[in-house]
Structures are given as C-alpha cells and as structure tokens.
Amino acid sequence: MFVLLEQLRRARRTAALDRSGAIGSCALRHVDCGSCNACEHELTATLGPAYDLQRLGLDLVASPRHADVLLVTGPVTTRMVEPLRAAYAAMPEPRLVAALGDCPLGVGVVADRGALAGPLERILHVDIRIPGCPPTPAEITEALADALARRA
Amino acid sequence: MRREGSPARPRLEYVAATSWRGEVERALARGLRFRCAYAGGEGERSWSALFGDGHEELLLRTFASGDVPAVDSVVDLVEAADWDEREAHDLGAIEFEGRASTRPLLDHSQPSSAWAVPVAGAGVNQVAVGPVHAGIIESGHFRFHVVGERILHVDPQLFYKHRGLERAAEGMRPAAGIAIAQRACGACAVTNSVAFAQACESMLGSVVDEPTRRARTLLIELERLYNHLHDIAAICAGVGFAAGNMAFANLKERALTVNRLLSGHRFLFGSVALGGNEIVPGAPAVEEARARLSELGADIAAAWRALDFAATVQVRLTGAGVLSRERAEELGAVGPAARASGVERDARTYAPLLHYPAFRQARIDRPSGDCSARLRVRAAELATTLETLDDLLQGGVEAGSAVQRANADGAADVGAAVVEGPRGETVCVVEGDGARLRRFHLRTASYANWPALAAATAGELLPDFPLINKSFELCYACVDR
C-alpha cells in the first residue's frame, strides 16, 4: 500500500496540475453508442491522477438523472438509438449534449450505413464538440472546462 | 508443403452438406482446434469453418441446402462454435439443424423469453442490467437469473455496438480494409490490424521481411503492456481498492506516452500497413522509449509486489469466478483467461510471421482459474512483455516491406491468420484478390471468451459480477463489430 501511495504522490507532482480553475460544477453522464472503446479509455484517463478532472468541478455520475451533460461516443448504431434517447429523456433540464470523438461527429472511419443511425446531430442537438480519434485526455479536459467556463 | 518459417495457408476443402459433421469430427480427431466459422456474403449460402494448430490450417466449406438454407449443427462436437452458429443464423439466415435451440444472438427484435435461457423454480428472479451502465463502460446488456444474491445463470446480450464492419470492408481494396479492421476495437487495434494484414498477405502470397516482423511484434507487445496494466487497474477497481486502481492507471498512462513517442498515437493507430510497418521512429526516440520502459518496468514490479501482498485485495479475488480447466477447453477459451485455468496455450510460441526468437510462456504457480489467477497471469506476462520490448528496441526499428513468395503456391483467394493479442488468440479470415475483398471475418479473443465469462459467473454472488467481469476484461467493440 505504501509503495502504491508513494507512486501516486510522485505522479501528482509530475503532473503539476493547475488547481486554480474551479469555477463551478458539472455532472457528466457517458453513453457509448458504438465506439471502438478508445474514447472510453481516454475518458477514464481524465479521471486518473495525471489529469484529475474532478479538480475542475467536473465528475462522471452513475445516472442520467444526476447529469448536466450527456457525453456520447461512437457513430450511433441503430441498436443504441433507443437507449440513447431514454438516457437523454431521463436527464433534468437544463441539459447539454457533448459529442466525444470523431465518430459521433460523423467524421470517423466508415461502417455499414445500414447499421448506423448517426451521426449524433441527426438524433440530438449537439452543444459541445470534442473531435479526435480518440481525443486525448488533455483535449477532453480542456473542452469540458471551456464549456463549464462559458456557462458559469 | 509448408516451408519452415512461413505460416500455414488455409487449405480449402469443399464438403457435401451430408458429410459436414463427419468432416468436422475428422478434423478435431486429428488434433486441429476450432478457430472460427462464418457464413459467406449475401446470396452465397456458404458456411465455412476454420480448424488449425498453427502448422496446418484447414478451412472446411459446405453449402446450405433447401428452401430455407440449412446446415447440420456441430455444437455438440464443438461447444465453442455456439456463438458462431447463432451469429450466422441471425445475420445470414442459415438454419442449424440438430440444435436444441438457436436462441437469437444479434437479433434484438425478440422478447427476452426468446433469447434468454429459460430458468424456472421457486424464488428465481431476473435482474436486467444495461445496455447503459453506471460507469464508463461499453454498451451491452446482461440478464441475470438469480435466487436471492446468487446467480444461477447469466445471458449476455451484446451487439448493441454492431456497426456492420465486416460488410463495410467487403468490396474494398485489401490495403484500405485495414482501417476497418483497426477500428473494430481501440484496445486491440494492433492485434486486429496485424491479423488482418497477415491474412491478406497469406491470401496474396507475400511474406513480410524481418524489420516488419520485428516492428509488428514491438507494436503487439506495446499493446499488451498498456492493456495488462489497464486490466490490473480494473480488477483493483472491481474490489474497490482505489490506491491500486489509480497507481496502475498511472502506470498505464506512462505506457501510453511511450506508444505516442514511438508511433505518434497513444493507441498505436495507423501503425500497421499491408506489407510493411508505418512506424519508423528515429534512434533518439527508440533510446528514450527504452529508458522510459526500463523505469516503468521497475515501478511496475514494485507496484505488483505491493498489490500481491495487499491481503484484503487478495482474499476477495481468491475463489471468485472459477473457470475450470475442463470448461475452458470445452468453451474454447483463449489468452490469459485460459492460461489462468491451466490451459497452456499461447499463439506466440509458434509465430513464424512475428519475432519471438526465445519466447517462453509466463507461468503461474497455481492456475486456479479464479480472479486471483487471472490477475497473477497478467502480472507474470508483464515481465515477459517488458523483456521482449527491451530486446526489440535494442535492435532499433526500421522500415520493412513484403516480398512476393517466389513459388507455386502464389496467390490464392483465401487467407487466414492467428495473432496472440492482450486477450488471447484473434483469428482473421479474408477472401478475395489483390483488387477487392469479397469477405472479411474477424473472430477476436473477446468473442471466444464471452461464453467462458458467463460460465465462470454461474453460482457466484451478483455483487461479484463486476469483479469477475473485470478479471476477464473483454471488449464489446470487437465482438459486436
């Protein structure tokens, strides 16, 4: 345990994150609509010691009922349209939709059109665009912090 | 005959529908293992199954007959073919005769009574989870049949992420299709693209040179490194051990920065090409990567010792989610999950198209098939992977190319490859020619292991499912395709 905590202390010193930016809070809910899983890896990394999304007042929550922002990954498969709509409907207002990665923005690698209902814009109005394949944790953090700052 | 140092190209044998079962039985009796089965393109009515042992690969093919296309089922001979048959039933509309039932696998239009195993009795309840989960998890649905807290049976209903990637690749040039194979899964991008490239090269009758083999091996091991670190972090999260979760997440982050240094991409996207490799990092980058990996290796070893002696963690893992060796064999489990159950199989032990000159499979003391064994296997494999990486980087990374094989077995219209990725053997079959892919089939290690995960879950407590799930840490993306 001591070794693990010591490694974490070292990681936090190395990351040297800016802690002055907290200006509010925002709860995020993620829905995977057919991503390759790389966006999920990077989103998970934003919550790790190297990026520490929570320091900005941003955090992932377990239910769309607690969320301000719906973070959508993937090109939106026909099979995920209904679960996506259900998650959006469960959110309290005001609510925002973020497209995470190139796929929901409709500029990802092609797939069989018959299996896709996306891009996301066809289904929900997109407020925040985070391009990249996948966007890096630093880019995700910056885009979300910007969105929070604009609304604060 | 196959020459030394070149892989076996699949030998295609057409089989009459009436002797399908007999030929499958013969292949198995000769010691060949079931690798994958797939239906042909639209209107083709063909049904093919690949068997092999690395030295010999046999592709059996028959044609579904009758007004409603039908083939004899072989699930009683090869339990591992269960999902393959159900997939072909749902996508290719082939009926499989002799099965007790062909429950829908990809077809989501039917009620749960059609796709879930019927379970009856006093106090049996169903618990539905997903497709949207509470954490940052891929989409998929689980239907648990429980009595109290205890799981009798679980039916995973996946394919929410089905993007029709196999169909999308059909008609493409082989060199362009690699982008599709790679995007099947971010976490297995290298494994899937190397499997695709090797399958195409086998079809086209070309062999890659030494620098390409070394570069591909380097990429596969880099992929294994960050995935194993990620999986160990996930297992820590599965028992609520935050210090271990975060420490290993940070080690994974460091591995990803090495990936970026060497390939320009954290997940090594775009680094594999047909007939070559796309990465040629300069000598300074290679030296720096080697130094960083050496430092990382020391920290991984220290972190693993700390985790191995964290008694509160270990006690939660021991005995949880046991997959017996017998069931692992029957279900065709692969990779670390199979090795944790004592199945000593690793495609790296015979990989003439990659560079594993002195590969020795990492072994653990007690392959007990539980969450603890699946964790220990990964920790042991990390050491082997770091050694392999150091060896490869020491020799530098050069541009490579492919040479046309100058003998009679030139181009064929089918090719196959098996690559040992982080989660185990991934099989790729392609059909077509140099100009166009007619069929592309990808059966990843996760596809092979989902039924094994379901088997390991039976009899366990519902709150242990996240832990058991994470101990396998299977992808949804490359299963759903």
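Values in this text are rule-based calculations from the coordinates and carry no lab data. Predicted, not measured: the structure shown is a model, and the values here were computed from it. Positions of Cβ are generated from backbone atoms using ideal geometry, with glycine treated the same way; all protein chains shown enter the neighbour counts.
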Any idea which of B:66, B:454, B:250 is furthest toward the positive side of the dipole for chain B, if Lys and Arg beta-carbons carry +1 and Asp and Glu beta-carbons -1? B:250
If you count, for every residue in A:132-140, the Cβ atoms of partner chains within 10 Å of its Cβ, what is the mean? 2
Label-point separation in nm, residue A:107 to residue A:54, each point 7 Å along Cα→Cβ: 3.4
So if I take the centroid of the Cα atoms in the range A:84-152 and the same for the range B:120-162, what is the distance between those two points in Å? 27
Relative packing of peptides A:60-66, B:173-179 - highest average C-beta neighbours within 10 Å first: B:173-179, A:60-66
Any idea what log10 I(q)/I(0) is at q = 0.08, 0.10, 0.11 Å⁻¹ for the protein assembly as shown, Debye with uniform C-alpha scatterers and no solvent? -0.55, -0.89, -1.11
Counting Lys and Arg as +1 and Asp and Glu as -1, each charge on the Cβ, what is the dipole of chain B about the Cα centre in debye, to the nearest 20? 600
If you take the beta carbon distance between residue A:9 and residue B:311 as r and set R0 to 22 Å, what does 1/(1 + (r/R0)^6) give as a FRET efficiency, to the nearest 0.05? 0.45
So how strong a dipole does the protein assembly as shown carry about its Cα centre when Lys and Arg Cβ are +1 and Asp and Glu Cβ are -1, to the nearest 20 debye? 940
Tell me, what is the percent relative contact order of the range A:2-151, built from C-alpha pairs under 8 Å that lie six or more residues apart? 26
How much mean residue ellipticity at 222 nm does chain B get from its helices, if each DSSP H run of length 4 or more adds -39500 (n - 2.57) and you divide by all residues, to the nearest 500 deg cm²/dmol? -13000 deg cm²/dmol
Under the Karplus relation with 6.51, -1.76 and 1.60 and θ = phi - 60°, whole-Hz ³J(HN,Hα) for the range B:93-106, x at Gly and Pro, equal 6, 8, 8, 10, 8, x, 7, 4, 7, 10, 5, x, 10, 9
Within 10 Å of each Cβ in A:56-69, the average number of Cβ atoms from other chains: 1
Would you give the gap between the C-alpha center of the range B:448-481 and the C-alpha center of the range B:189-242, rounded to a whole Å? 21
Relative contact order, percent, of chain B when contacts are C-alpha pairs under 8 Å separated by at least 6 residues? 20
Which order do the peptides B:261-274, A:127-140 come out in when sorted by mean C-beta neighbours inside 10 angstrom, highest first? B:261-274, A:127-140
Phi-based couplings in Hz for the range B:48-65 (Karplus 6.51, -1.76, 1.60; Gly and Pro marked x): 10, 9, 9, 10, x, 9, x, 8, 9, 10, 10, 9, 8, 9, 10, 10, 5, 10
Place +1 on the Cβ of every Lys and Arg and -1 on the Cβ of every Asp and Glu in the protein assembly as shown, take the dipole about the Cα centre, and give the residue among B:37, B:275, B:182 whose Cα lies farthest towards its positive end. B:182
Charge context of residue B:159, other residues only, Cβ under 11 angstrom, K/R +1, D/E -1: +1
Please find the FRET efficiency linking residue B:257 to residue B:435, where r is the Cβ-Cβ separation and R0 is fixed at 30 Å, and quote it to the nearest 0.05. 0.15
Residues whose built amide H sits under 5 Å from the amide H of residue B:152, excluding neighbours closer than 5 in sequence, are B:145, B:146, B:147, B:459
Using amide H atoms built in the peptide plane, which far-off residues or other-chain residues are under 5 Å from residue B:11 H to H? B:57, B:58, B:59
For the range B:197-219, list residues with backbone N below 18 Å from a point placed 7 Å from the Cα of residue B:399 toward its Cβ? B:208-216
Residue by residue through the range A:130-139, the couplings from Karplus 6.51 cos²θ - 1.76 cosθ + 1.60 with θ = phi - 60°, in Hz, x for Gly and Pro, are 10, x, x, 9, x, x, 6, x, 5, 5
Taking amide H positions as placed in the peptide plane 1.01 Å from N, state which residues far from residue B:205 in sequence (5 or more) or on other chains have amide H under 5 Å from it. B:412
What average count of beta carbons from other chains do you get within 10 Å of the Cβ of residues in A:107-114? 6
Highest-MSF residue in chain A out of A:98, A:50, A:16 [GNM, Cα springs under 10 Å]: A:16
For residue B:152 and residue B:366 in the same chain, what is the full-extension length gain: residue separation times 0.36 nm, less their Cα-Cα distance, in nm? 74.4 nm
About the Cα centre, and with charges only on the beta carbon of Lys, Arg (+1) and Asp, Glu (-1), how big is the dipole of the range A:4-73? Nearest 20 debye, please. 320
